[in-house]
Structures are given as C-alpha cells and as structure tokens.
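The values are calculated or read from the model by the stated rules, or taken from the named source; none is laboratory data. Source: prediction; values computed, not measured. For accessibility, only protein heavy atoms count, side chains too; no ligands or nucleic acids. Shrake-Rupley method; radii C 1.70, N 1.55, O 1.52, S 1.80 Å.
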Amino acid sequence: MKLTISRESLIKPLQLVAGVVERRQTLPVLSNVLLVVEGDQLSLTGTDLEVELVGRVQLEHPCEEGEITVPARKLMDICKALPDTALIELTLDDQKLVVKSGRSRFSLSTLPATEFPSVEESADSLKFSIEQQKLRRLIDRTGFAMAQQDVRYYLNGLLLEIDNGSLRAVATDGHRLALCTVEADSSVQDKHQVIVPRKGIMELARLLTDGAQAVTLSLGVNHIRANTGAFTFTSKLVDGKFPDYDRVLPKGGDKIVVGDRQMLRQAFSRTAILSNEKYRGIRLVLVDGSLTLTANNPEQEEAQEEVSVNYQGDSLEIGFNVSYVLDVLSVLTGDNVKFTMADPNSSALLEEEENSDSLYVVMPMRL
C-alpha cells in the first residue's frame with residue numbers, strides 16, 4: 001500500500017472518523033482507523049462497535065492498493081502537527097506504516113485489516129432522502145433533551161419517526177420533552193419509529209452541513225445508516241419502546257403568555273445566578289401584562305426580575321427548573337416565544353409564536 005495526499009484532504013475525514021474511536025478500548029484494534037486504498041480512492045473507517053463512520057477521499061496522485069489499520073489518535077496528531085500545505089506520503093513497510101512529509105518521518109505500528117470489525121448489516125426496511133440542513137435542525141432543536149445514562153435506556157437517545165412525508169425527532173429525559181418536525185422526501189404510509197443512541201446522534205450532527213445537499217437515510221431493523229457521498233455513518237439502534245410522547249403534550253392550557261425571547265432569556269439567566277445550585281428552581285408569578293421571576297438559595301440570597309409580557313387572565317404562580325427553560329430559549333430562533341400553561345401542577349408548553357415546527361414541554365417544580 002502506498003499513497004500521497006495533501007494534509008488538507010486527509011485531515012477533515014480523519015478528524016471526523018477519529019471522533020468515533022474511543023480512547024479506552026477493550027480490543028486494541030478499536031483504537032485504530034482502517035485505511036483502504038482501492039482504485040484512486042482512500043477510505044478511512046473508525047468504529048466503537050456501536051457507531052461506525054467511513055470517510056472517502058479521491059486521490060490525485062498515483063497510488064498502490066492495500067489495507068491496514070493504524071492508531072487513529074497518533075495519525076491525527078501527526079497530521080495536525082504538520083504544516084498546512086504539507087504533502088503526506090503513506091507507505092506500508094514491513095508491518096509499519098511510514099508517514100513522510102518534507103524532512104519529517106514517522107513509523108507507526110499497525111494491526112491487520114482482517115482484525116477490524118464491521119457493524120453487522122441487516123436488510124434496510126426503509127430508505128429516504130432529506131436535506132442535511134433539515135436533519136441538522138432536527139438534532140439541534142431536540143438533542144439537548146436526551147437523557148444521559150438513565151436506567152430507562154430508551155431515553156438515552158433520540159426518537160426518529162417517519163410518517164407520510166415528514167420526519168419528526170423527539171427527545172425526553174422524563175422532566176422535559178423536545179419535539180421538531182420537518183418535511184422529508186419519503187412515501188412511507190405507515191408510521192415507522194427508531195431510537196438512535198446518544199453517541200450516534202452526536203456523531204451524525206458533526207457530519208452534517210448547513211447546506212441543501214441531500215443525505216440518504218436507511219433504517220434497518222437494528223441499525224440506521226446515513227450516506228452523504230463523502231461519508232457513510234452507521235449506528236446501532238436502541239432496542240426499546242419510546243414513551244407515547246403524544247400523551248405528554250399538555251392539552252387545554254388556557255393561560256397563554258407571549259414575550260420577547262431574548263429579553264426573557266436574559267431575565268431567566270440573571271435570576272438563575274442566585275437559584276439553588278442543586279435544584280435550580282425558579283418561581284414565576286404571572287399577572288396581567290407582567291411576569292415576575294424570583295429565585296433564592298440556601299444562603300438566603302434572592303434575585304427578582306420583572307418582565308413585560310403579553311398576557312391577560314387569572315394570576316398564576318408556578319415553579320420550574322431554570323436550566324430546562326433556558327435550554328429551550330437558547331435553541332429557539334424566533335423573536336417571540338409563547339408559553340401555554342394551565343395550573344401550577346401542569347406542564348408548560350413552549351414554542352415560537354409564529355410558524356413553529358418545534359414544541360417543548362417542561363414539567364413544573366414544587367418550590
């Protein structure tokens with residue numbers, strides 16, 4: 001195996017692929033990246049047995065075919081340390097990968113490509129395309145609400161639901177829920193749901209651009225695959241049943257508050273400074289035309305903010321975890337945000353005032 005490639009062409013796919021590789025591995029080969037030269041193309045593969053990422057680069061210089069695995073982190077650190085305009089030559093020599101550039105020469109240990117595991121294939125049951133920016137929007141708008149290391153393992157991921165020309169993402173950690181729906185180029189008549197694990201979602205988000213280029217999603221029985229042309233991403237699915245999110249969406253709230261999103265975000269941020277560091281509780285008192293936020297902590301310190309809002313109706317006093325509200329106000333982009341509430345014991349529904357494709361539910365707190 002022998003190839004010559006510019007640092008610029010190698011570093012981007014290498015960084016993305018190395019991101020999948022875990023530092024501490026039970027199998028030594030899992031710390032490695034698989035390099036395969038076939039025709040005039042170099043492919044790089046990284047996996048942790050749950051998630052696999054393959055990046056492809058066209059080679060402009062003559063090359064010799066072959067395949068080998070080398071330590072991902074070390075190869076990436078070498079590439080990063082070389083000058084931006086460097087030309088890198090990789091040669092397999094007596095079970096060592098020799099990396100040459102200018103006057104620099106490195107010799108890396110290798111393991112045979114035959115030891116490198118591949119994520120098992122299962123038949124695709126569903127295939128459709130979607131713009132990368134739309135899929136990225138789904139993840140950006142909902143991913144923050146995924147649980148982390150919850151015993152209810154099916155919450156440690158993102159639900160993707162494809163149904164009649166739309167793709168919906170839903171995430172919840174049991175205290176809050178985020179939901180976003182976009183159009184997708186699919187002719188699926190029956191609702192189809194899969195749960196993608198947290199790490200898979202994070203790696204997929206890193207791959208996607210903000211452009212209108214398409215990504216093809218294939219959903220199998222136990223895996224999801226995304227192909228952008230330059231990259232193929234595969235992740236195992238979480239085997240479990242996601243909660244019926246439709247039942248969680250609050251219905252019939254009669255107290256509708258509309259306020260300036262940035263102003264509310266700043267007021268919540270300032271009030272949060274003096275909230276209890278462990279419970280992050282904050283009290284909202286709503287009266288005609290005004291919302292008062294108060295927080296206090298075990299040191300007997302108190303913060304209070306009053307914000308003008310568009311509201312007419314009965315007064316309401318309700319508590320929330322301020323971090324959950326701030327997360328929502330941070331991902332929304334509209335000028336105004338709409339809160340729909342019913343009573344102190346019911347969840348609040350948050351959304352943008354106009355053309356909202358996203359809904360957020362935050363459970364109340366007893367303060």
Using helices alone, what [θ] at 222 nm do you get for the chain, with -39,500 (n - 2.57) per DSSP H run of 4 or more residues, divided over all residues and rounded to the nearest 500?
-5500 deg cm²/dmol
Quick one: how many Å² of L316 are accessible to a 1.4 Å probe, rounded to 10?
10 Å²
Histogram of C-alpha separations across the stretch 30-113, 10 Å bin width, %:
16, 52, 30, 2
What translational D, rounded to a whole number of µm²/s, comes out for the stretch 181-312 from Stokes-Einstein when the hydrodynamic radius is the Kirkwood one over Cα pairs, at 37 °C and 0.692 mPa s?
168 µm²/s
If one builds a Gaussian network model of the chain from Cα atoms under 10 Å apart, the most fluctuating residue listed among E301, E317, E89 is E301
To the nearest 10 degrees, how steeply does helix 72-81 sit against the main Cα axis of the chain, on a 0 to 90 scale?
90 degrees
Counting only heavy atoms of protein chains, what accessible area per residue, in Å², does the stretch 96-222 have with a probe of 1.4 Å?
48 Å²
Where does the Debye-calculated log10 I(q)/I(0) of the chain sit at q = 0.07, 0.08, 0.15 Å⁻¹, using only Cα point scatterers of equal weight, no solvent?
-0.41, -0.52, -1.18
Could you compute how much accessible surface M263 exposes when probed at 1.4 Å, giving the result in Å² to the nearest 10?
80 Å²
Folded to 0 to 90 degrees: helix 261-272 orientation relative to the chain principal axis, Cα
90 degrees
The ³J(HN,Hα) series, computed from each phi in the stretch 111-120 with the Karplus coefficients 6.51, -1.76 and 1.60 at θ = phi - 60°, rounded to the nearest Hz and given as x for glycine or proline, is 10, x, 5, 5, 7, 7, x, 10, 5, 4
Rolling a 1.4 angstrom probe over the protein chains, ignoring ligands and nucleic acids, what is the accessible area of F116 in square angstrom, nearest 10?
30 Å²
Report the relative contact order of the chain, percent, no decimals, based on alpha-carbon pairs under 8 angstrom and at least 6 residues apart.
13 percent
Note down the relative contact order for the stretch 123-271 as a percent, whole number, built from C-alpha pairs under 8 angstrom at least six residues apart.
26 percent
Where N is the number of residues in the stretch 234-367, Cα Rg divided by 2.2 N^0.38 Å
1.11
Per-residue accessible area, 1.4 Å probe, largest first, puts E161, E64, E22 in the order E64, E22, E161
If you line up the long axis of helix 198-207 against the longest principal axis of the chain, both from Cα atoms, how many degrees apart are they, to the nearest 10?
70 degrees
May I ask you to give the solvent-accessible area per residue for the stretch 306-367, in square angstrom, as obtained with a 1.4 angstrom probe?
47 Å²
If you roll a 1.4 Å probe over the chain with all protein chains in place, what percent of the accessible area is carbon or sulfur?
45 percent
Karplus ³J(HN,Hα) for the stretch 281-286 (6.51 cos²θ - 1.76 cosθ + 1.60, θ = phi - 60°; Hz, whole; x = Gly/Pro) runs x, 9, 9, 10, 10, 10
Along its three principal axes, how long is the stretch 95-174 when you only count alpha carbons? Whole Å, largest extent first please.
55, 31, 30
